[in-house]
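Everything on this sheet refers to the single structure shown next.
The values are calculated or read from the model by the stated rules, or taken from the named source; none is laboratory data. Predicted model, so just to flag it, every value in this text is computed and none were measured. Here Cβ is always computed from backbone atoms with ideal geometry, including for glycine, and neighbour counts include all displayed protein chains. The protein model used for the area step is the full one, side chains on, heavy atoms only, and it has no ligands, DNA or RNA in it. Shrake-Rupley method; radii C 1.70, N 1.55, O 1.52, S 1.80 Å.
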Amino acid sequence: MRKWILAQNPWWKREEWEDFDKHLKEWKRQRVRWVPSWVEEISLEAFSLNFVYGMRQLGKTTGIKLLIRELLKRVEPFSVFFFDFELVSSLREFRKVLEAYLEMRKKEGIDSSFLFLDEVSSVREWWKVAKFLIDSGVFENDVVTVLGSSTINIVKAPERFPGRKGKGREIVVLPLSFPEFAKVSGYSPRKLLYDAEALEKLWKAYKKLGGFPKSINRHEDANESFIGAIVSEIRKHEKSVEIFQGIVETLLRKIPSPLSYHSIAKEVEVSHKTVREYLEFFEDCLVAKTVYWKGLHPKRRKEKKVFFRDPFVYRSFSFWTGARFLESALLEGIVQEHLLRKFGEVYYYRNKYEIDCIAGSLKVEVKAGKPHRRYPKGVTILEEEDIPWFLVRLFIGK
């Protein structure tokens, strides 16, 4: 156990650990690289229990390694602990890893630590051990940060820690938004409003690449890596790869039209309950979002819209399934995702007319590739050329 822990915490033995760390070496090689903004949201004041979760392939572990690099400039090496629990399958092993570190730091005379527990969602009921140690006062002078790739067994875990998070925060890691994509590409989003040529160039790139580090850096294995990570997540949570893939293929062919559980179930030849279960799993993995109909109140029984949460996800899933998607689905999905991030919710309306996106006080119809109709007063109509301007203004104001 000690050797396993030492291997994941090389800064305990060598000052030049960065030169040998696979995550930081890969990060330094990238043509386009950035320090993720979410890293700054992590509470570093004891006691804190932070939860960090998001899709795989977004660089969560790399972000933590960058944070560790900064922490080591001001704290003792043994006070920083990192462990990837991807290959730890039992609660007993999980407990033994934590107890081993606690014993090691005691011998080193360390009384306050920063603990980073990566991919804890691989360990069933990991929270029972963490909860016991918190209640026992073991971590009262520490900052504990828990990371995972889906909401299952992690995002819902905070519900099991009432009053136990201290100063900790819950942080969702998402692909770069369009304004963030512009920023890491070397452009000020605000200045783009006065540079139509640069805005158009970036918009075309964003539609193709999305907000994933590997895709942005044009890695040849970007699609394969993402699909491999998704398949791993599917199997880890004992879902069927075949059913997951079948639902993805059906969605790609049919969105952005509203769909029912039954219509999807008929295509995939499974029950509507199975479809509902898998769409919830899509949301747990943060790869897709279900949009409900909203009149005076949201109605979950009506047909739903579904969108994938990044352009790269559309293209990777198309690569995986062989299914083609409409350009209008991609454009509508991008707008829906940005409104979701801004307002925390997004709905649609369909009766005599359709409104693609309802969020906050905004009502938005994405008209690119669709026939023109009349809409009530107050509905913002977006042609494709309007979308990048709209997205930038959405986050930086007018």
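Between residue 51 and residues 5 or more places away or on another chain, which pairs have amide H atoms under 5 Å apart, with H built 1.01 Å from N, and which residues are they?
146, 169, 170, 171
Treating only the Cβ of Lys, Arg, Asp and Glu as charged (+1, +1, -1, -1), what charge dipole size does the stretch 63-143 show about its Cα centre? Round to the nearest 20 debye. If you can, show how the numbers build up before the last one.
Values: 13 positive and 15 negative charges, 13 e Å.
Magnitude of the dipole: close to 60 debye.
Using only the heavy atoms of the protein chains and a 1.4 Å probe, how would 172, 32 rank by accessible area, largest first? Show your work: numbers first, answer last.
On the way: 172 65, 32 20 Å².
Result, largest first: 172, 32.
Let's see if you can work this out: charge +1 on each Lys and Arg Cβ, -1 on each Asp and Glu Cβ, no other charges. What is the dipole magnitude of the chain about its Cα centre, in debye to the nearest 20? Could you put the intermediate results ahead of the total?
Values: 71 positive and 56 negative charges, 207 e Å.
About 1000 debye.
For the stretch 114-269, what is the accessible area per residue in Å², given a 1.4 Å probe and the full set of protein chains?
45 Å²
Taking the Cβ of residue 277 as the center, what net charge do the other residues with Cβ under 14 Å away carry, scoring Lys and Arg +1 and Asp and Glu -1? Don't skip to the answer; put the middle values down first.
On the way: positive: 239, 273, 276; negative: 238, 280, 283, 284.
Charge balance near residue 277 sits at -1.
Compute the long axis of helix 241-254 from its Cα atoms, compare it with the longest principal axis of the Cα atoms of the chain, and write down the angle in degrees, 0 to 90, nearest 10.
On a 0 to 90 degree scale, this one is about 30.
Say the dipole of the stretch 5-158 comes from +1 at the beta carbon of Lys and Arg and -1 at that of Asp and Glu; which of 109, 81, 132 then lies farthest toward its positive end?
The residue sitting farthest along the positive end of the dipole is 81.
Taking the Cα centre of the stretch 304-373 as the origin and placing charges on Cβ (Lys, Arg +1; Asp, Glu -1), which of 320, 331, 347 is farthest toward the positive end of the dipole?
Positive-most Cα among the choices belongs to 347.
7 Å from Cα along Cα→Cβ at both residue 93 and residue 172: what's the point-to-point distance in nm?
3.1 nm
Taking amide H positions as placed 1.01 Å from N in the peptide plane, with prolines and chain starts having none, which residues 5 or more places from residue 116, or on another chain, fall under 5 Å of its amide H?
Close amide H contacts, sequence-distant or interchain: 81, 82, 83, 145.
Any idea of the accessible area per residue across the stretch 310-398, 1.4 Å probe, to the nearest Å²? Present the calculation step by step, with values, prior to reporting the outcome.
Details: 4330 Å² over 89 residues.
Counting only protein heavy atoms, the per-residue value for the stretch 310-398 is 49 Å².
Which trypsin sites (Lys or Arg not before Pro) in the stretch 12-96 sit in a loop by DSSP (not H, G, I, E or B) and have at most 14 other Cβ atoms within 10 Å of their own Cβ? Intermediate results must be reported in sequence, preceding the final value.
On the way: sites: 13, 14, 22, 25, 28, 29, 31, 33, 56, 60, 65, 69, 73, 74, 92, 95, 96; in loops: 13, 14, 31, 33, 56, 73, 74.
Qualifying residues, ordered by number: 13, 14, 31, 73, 74.
How large is log10 I(q)/I(0) at q = 0.10, 0.14 Å⁻¹ when the Debye formula is applied to the Cα atoms of the chain, each weighted equally and without solvent?
-0.73, -1.29
To test your reading of the geometry: what angle, between 0 and 90 degrees and rounded to tens, separates the Cα axis of helix 126-135 from the longest principal axis of the chain?
Taking the Cα atoms of the chain, the angle to 126-135 is about 60 degrees.
Classify the stretch 180-300 as rounded, prolate or oblate, taking a ≥ b ≥ c as the square roots of the eigenvalues of its Cα gyration tensor: rounded when a/c is under 1.5, otherwise prolate if a/b is larger than b/c and oblate if not. Write out the running numbers ahead of the final one.
Values: a/c = 2.72, a/b = 1.57, b/c = 1.73.
Oblate.
With the cut-off at 1.5 for a/c, could you classify the stretch 123-259 from its C-alpha gyration tensor as rounded, prolate or oblate?
Values: a/c = 2.61, a/b = 1.45, b/c = 1.80.
Because a/c hits 1.5 or more and a/b fails to exceed b/c, the stretch 123-259 counts as oblate.
Where does the chain land at 222 nm, in deg cm²/dmol rounded to the nearest 500, when only DSSP H runs of n ≥ 4 count, each adding -39500 (n - 2.57), divided by all residues? Don't skip to the answer; put the middle values down first.
On the way: 16 runs with 171 residues, N = 398.
My calculation for the chain gives -13000 deg cm²/dmol from helical runs alone.
Set the Förster distance to 22 Å, then compute FRET efficiency between residue 395 and residue 327 from the Cβ-Cβ distance, nearest 0.05. Please report the intermediate quantities before stating the final value.
Numbers: r = 23 Å, r/R0 = 1.06.
So, using R0 = 22 Å, E works out to roughly 0.40.
Give me a comma-separated list of calculated 3J(HN,Hα) values for the stretch 16-22, in order, Karplus coefficients 6.51, -1.76, 1.60 applied at θ = phi - 60°, integers in Hz, x for any Gly or Pro.
Working through the residues one at a time gives 8, 4, 4, 5, 10, 6, 5 Hz.
Would you mind telling me the share, in percent, of accessible area of the chain contributed by carbon and sulfur at probe 1.4 angstrom? Provide the component values of the computation, followed by the final result.
Numbers: 9060 of 19390 Å².
That share works out to 47 percent.
Protein chains only, probe 1.4 Å: how do 111, 221 rank by accessible area, largest first? Mind dumping the intermediate values first?
Values: 111 115, 221 65 Å².
I get 111, 221, largest accessible area first.
Expressed as an acute angle from 0 to 90° and rounded to the nearest 10, what is the orientation of the C-alpha long axis of helix 196-209 relative to the principal long axis of the chain?
Relative to the chain, helix 196-209 is tipped by roughly 70 degrees.
List the pairs from 13/165; 289/363; 204/367; 214/236; 65/165 whose alpha-carbon separation is above 26 Å, in the order I gave them. Walk me through the intermediate numbers first.
Working: 13/165 31 Å; 289/363 18 Å; 204/367 18 Å; 214/236 23 Å; 65/165 22 Å.
Table pairs above 26 Å Cα-Cα are 13/165.
Could you work out the relative contact order of the stretch 243-302? I mean the mean sequence separation of Cα pairs under 8 Å and 6+ apart, divided by the number of residues, in percent.
Working: 36 pairs, mean separation 13.1, N = 60.
So the answer I get is 22 percent.
Size of the dipole of the stretch 278-370 about the Cα centre, Lys and Arg at +1 and Asp and Glu at -1 on the beta carbon, nothing else charged, in debye to 20? Intermediate values should be presented prior to the final figure.
Details: 18 positive and 12 negative charges, 79 e Å.
Charge dipole, the stretch 278-370, about its Cα centre: 380 debye, nearest 20.
Along the stretch 380-395, what does the Karplus equation 6.51 cos²θ - 1.76 cosθ + 1.60 (θ = phi - 60°) give for ³J(HN,Hα), rounded to whole Hz, x for Gly and Pro?
Working through the residues one at a time gives 7, 9, 10, 7, 4, 5, 7, 4, x, 4, 4, 5, 5, 5, 4, 9 Hz.
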